[in-house]
Amino acid sequence: MPAEEKIHPLILALDTHDLQEAREFLAPLRSMLRYVKVGRRLWALGGVPFLKEISSQGFDIFLDLKLHDIPNTVAGAVDALSDLGLWALTLHAAGGRKMLEAAVSARDDADSEMVLLGVSVLTSLDQPAWETVCPGSVLTEAIKSRTRLCADCSMDGLVCSPLDLGMVRETAGEELITVVPGVRPWKVNDDQKRSATPAEAIRNGADYLVVGRPIIQSDDPLGAVSDIFIQMEEGFRCRKR
Ligand code: C5P
């Protein structure tokens, strides 16, 4: 597939076992994929040098650290990460208004264009699991209030489940870009509880999809990516908005 077709807003969650596996995995995908999400495991193994290495291969890096700490500590981390040329960074919206505002200020003070994304509620949590974290609280209300908070704090976007997209748009309109994990191109039984297909997620208004294991664990990763692209195109054709 020619490089000019790197247009699909698909983010590969590069959740491989180690750096070498990640390198081997990415090499054949260079011409197809633009966005790569690095999570805590590869960050712990490879740190900044690994980010620079894959960025030099033409990938836009989404560093998924889900920062969640007191405002001063988060601001310090955002400041340190702001000049790495990252495409995006995640923070937990549960960290509250002051933490999110401190992150946005740190990014702006550093004159960085890094996109700041709030994580509303993990897509691995459903209502029963949420009850154990926040007894008496309704999951959907938490998602709405965290969505509003992210918009009010001038965050750029939100990470949310494909099933939350309608609610997110109702709450924040077009103020926030939506980055959507919990995408399952085919039926599997794993830890993602609030999932949908790529076509459904795009049709419901997702701006970017995040997919990991369905690609990483596939016997044919290139075929899996192509399949997801086809499903995304179908979603764009049937888009509600
Ligand atoms: O393998 P899978 O497609 O489930 O990968 C989803 C990725 O998105 C994982 O790297 C996970 O850490 C991340 N993520 C998520 N739910 C969130 C935020 C990020 O699954 N709310």
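The table below gives the values:
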read-out: Values of log10 I(q)/I(0), in the order q = 0.11, 0.15, 0.21 Å⁻¹, for the stretch 1-135 under a Debye, Cα-only, solvent-free model; value: -0.45, -0.80, -1.23
read-out: The chain, helix-only ellipticity at 222 nm - DSSP H runs n ≥ 4, -39,500 (n - 2.57), divided by all residues, nearest 500; value: -13000 deg cm²/dmol
read-out: 1.4 Å probe accessible area per residue over the stretch 134-241, in Å²; value: 45
read-out: Solvent-accessible area, 1.4 Å probe, carbon plus sulfur percent, for the chain; value: 50
read-out: Packing-based ranking, highest mean first, of 29-38, 225-234, 52-61 given that Cβ atoms within 10 Å are counted; value: 29-38, 225-234, 52-61
read-out: Anchor LYS52: aspartates and glutamates whose Cα lies under 13 Å away (excluding residues fewer than 8 positions away in-chain); value: ASP60, ASP83
read-out: Largest-first principal axis extents, alpha carbons of the chain, Å; value: 44, 38, 32
read-out: 16 Å reach of a label modelled at HIS17, 7 Å along Cα-to-Cβ, counting backbone N of the stretch 41-61; value: 41-42, 45
read-out: Other-chain or far-sequence residues with amide H under 5 Å of ILE177's (modelled H); value: GLY157, LEU158
read-out: Computed lengthening from ALA129 to LEU65, 0.36 nm per intervening residue step minus Cα-Cα distance; value: 20.8 nm
read-out: Over the stretch 146-241: Rg over Rh, Cα atoms, Kirkwood Rh; value: 1.00
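The values are calculated or read from the model by the stated rules, or taken from the named source; none is laboratory data. Being a predicted model, the structure only gives us computed values, none of them experimental. Cβ: placed from backbone, ideal geometry, glycine included. Neighbour counts: every protein chain shown. What goes into the accessible areas is simple: the full protein's heavy atoms, side chains included, and nothing from ligands, DNA or RNA. Shrake-Rupley method; radii C 1.70, N 1.55, O 1.52, S 1.80 Å.
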